[in-house]
Amino acid sequence: MLKKLLAPLKMGNTTLPNRVVMAPLTRSRAGQPGDIPTALNTEYYTQRASAGLIVTEATQVSRQGQGYALTPGIYTDAQEAGWTDVVKAVHANYGHISLQLWHVGRVSHSLLQENGAAPVAPSALIAEGAQCFVIQPDGKQENVPTEMPRALATEELPGIVAQYRQAAERGQRAGFDFLEVHAANGYLLQQFLSTNSNQRTDAYGGSLENRARLTLEVLDAVIEVIGAKQVGVRMSPHFVAQGINDAEAEASALYLANAFSERGIAYLHIAEPDWAGGPELSDAFRAQLRAAFNGALIFCGGYTAADAEALIEQGTADAVAFGRPFIANPDLVARFRQGAALNKPDRTTFYGGGAHGYTDYPTLDLPQA
């Protein structure tokens, strides 16, 4: 019995019907030109509206913040309109949805940047081993190594914060229940947080407090727009992909968790380093996070329903996020409730393409013909 996992949860001022969260999943199916959510994306999210909370795929806050072709944005009127359609459809099906705000920083390429500009980063250090997805001038789509970024000047950082603020304003107008600041997975905010990717000597580098400064400035800007009770943050302590090797991973996570508590945000979403190859999070560190953060705590990391139930039962988590299971099982909550078998996801259709492998997985009440 999944009494805890399927029980309601009050998050901020919103009551979710269950604690099964749909994790953010990049699927590379935004409409072109313009990286705009389409009717196909609306169908995909609506199919999964029974999740306690949907966290959207990472959504770039600006053209500069894009690191992969075909991912949606939230910086143009057309993108805002597309996301408004998604939100309306999810709400019509009694769902709740959070928009994940994303700036990739150095995990990008000049082919994705306006006028072929270099990607930006805290320091001019390449993301070793990282790749991004581009469309070549001849139309060929391929993964390529990220390019050398340029270091952001101190006077440019208010502009970065402004990108998030404007994205938050669009997200609020689109009707999202929550906005999630993406400070995980080796992207811009984690690049500032990590000891090895941030070699700055100004107020945004050096000490832990300085390295965390941009994340908190971004968070404060988003809170100013929509209010702390509708804001979450995603972090990934011990993440080691995309050139990240943070010598103070746990200290920075706990410092920020306390800062988030002071601000009263709705939730903290922890991406565990399972797929990235980092060390597992210890029970002691989980307990420290639990003590430091007074909002809803979500863990995401390859959990089964039984594992998730146990994590909530023991008080470590308030909710658990599921990624790949939601790709193949739009009715994942119903399958958990009935103890039904899960469809297996088709990895070949994870990124790019159309409806196949996106909106055509069978459900319990509508098996595949």
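The values are calculated or read from the model by the stated rules, or taken from the named source; none is laboratory data. The model shown is predicted, which means the values in this text are computed figures rather than measured ones. Backbone-built Cβ (ideal geometry, glycine too); neighbour counts: all protein chains shown.
Of everything listed in (1) of a type in the set (Lys, Arg); (2) within 17 Å of the chain's Cα centre (by Cα); (3) surrounded by fewer than 18 Cβ atoms within 10 Å (Cβ to Cβ), the single unmet condition for LYS229 is (2).
The test for being within 12 Å of ILE97 (Cβ to Cβ) and acidic (Asp, Glu) does not hold for GLU43. All but one of (1) surrounded by fewer than 24 Cβ atoms within 10 Å (Cβ to Cβ); (2) within 18 Å of the chain's Cα centre (by Cα) hold for VAL55, so report the exception by its number. (1) is the only condition that VAL55 fails.
Filtering region 73-104 down to residues that are assigned to a loop (DSSP other than H, G, I, E, B) and under 15 Å from ALA167 (Cβ atoms), which residue is farthest from the chain's Cα centre (by Cα)?
The extreme case among them is THR76.
Residues in region 66-98 that are under 29 Å from LYS140 (Cα atoms), free of Cβ contacts under 8 Å to residues at least 60 places away in the same chain and touching a strand residue (DSSP E or B) at 6+ places or on another chain (Cβ under 6 Å): GLN66, PRO72, GLY73, ALA78, GLY82.
Scan the helices (runs of 4 or more DSSP H) fully inside region 288-361 and keep the ones with 3 or more residues being touching a strand residue (DSSP E or B) at 6+ places or on another chain (Cβ under 9 Å) and farther than 30 Å from GLU142 by Cβ. Show your work before the answer.
Values: elements: 305-313, 324-328, 332-338.
So the answer is 305-313, 332-338.
Has region 343-354 got at least one residue that is within 18 Å of TYR44 (Cα to Cα) and in contact with a Gly (Cβ under 6 Å, 6 or more places away or on another chain)? Checked region 343-354: at least one residue is within 18 Å of TYR44 (Cα to Cα) and in contact with a Gly (Cβ under 6 Å, 6 or more places away or on another chain). ILE244 meets the conditions (1) outside any helix (DSSP H, G or I); (2) in contact with a strand residue (DSSP E or B) (Cβ under 9 Å, 6 or more places away or on another chain); (3) surrounded by 21 or more Cβ atoms within 10 Å (Cβ to Cβ) in every case but one. The failed one is (2). The residue that is nearest to GLU57 (Cα to Cα), among those in region 340-354 that are touching a Leu at 6+ places or on another chain (Cβ under 9 Å), touching a residue at least 60 places away in the same chain (Cβ under 8 Å) and small (Gly, Ala, Ser), is GLY352. Applying the criterion of being in a loop (DSSP other than H, G, I, E, B) and out of contact with any strand residue (DSSP E or B) (no Cβ under 7 Å at 6 or more places or on another chain) to the residues of region 247-267, the residue that is farthest from ARG173 (Cα to Cα) is ALA247.
Please find, within region 263-314, the residue that is nearest to LYS229 (Cα to Cα) out of those that are surrounded by 15 or more Cβ atoms within 10 Å (Cβ to Cβ) and among the polar types (S, T, N, Q). The selected residue is ASN294.
Say whether the condition of being modelled with pLDDT under 95 and surrounded by 18 or more Cβ atoms within 10 Å (Cβ to Cβ) is met by at least one residue in region 12-28. Scanning region 12-28, I find no residue that is modelled with pLDDT under 95 and surrounded by 18 or more Cβ atoms within 10 Å (Cβ to Cβ), so the answer is no. Among the conditions (1) surrounded by 14 or more Cβ atoms within 10 Å (Cβ to Cβ); (2) at pLDDT below 95, the only one that GLN141 does not satisfy is (1). Every condition in (1) small (Gly, Ala, Ser); (2) part of a loop (DSSP other than H, G, I, E, B); (3) touching a strand residue (DSSP E or B) at 6+ places or on another chain (Cβ under 6 Å) is met by GLY232 except one, and the failing one is (2).
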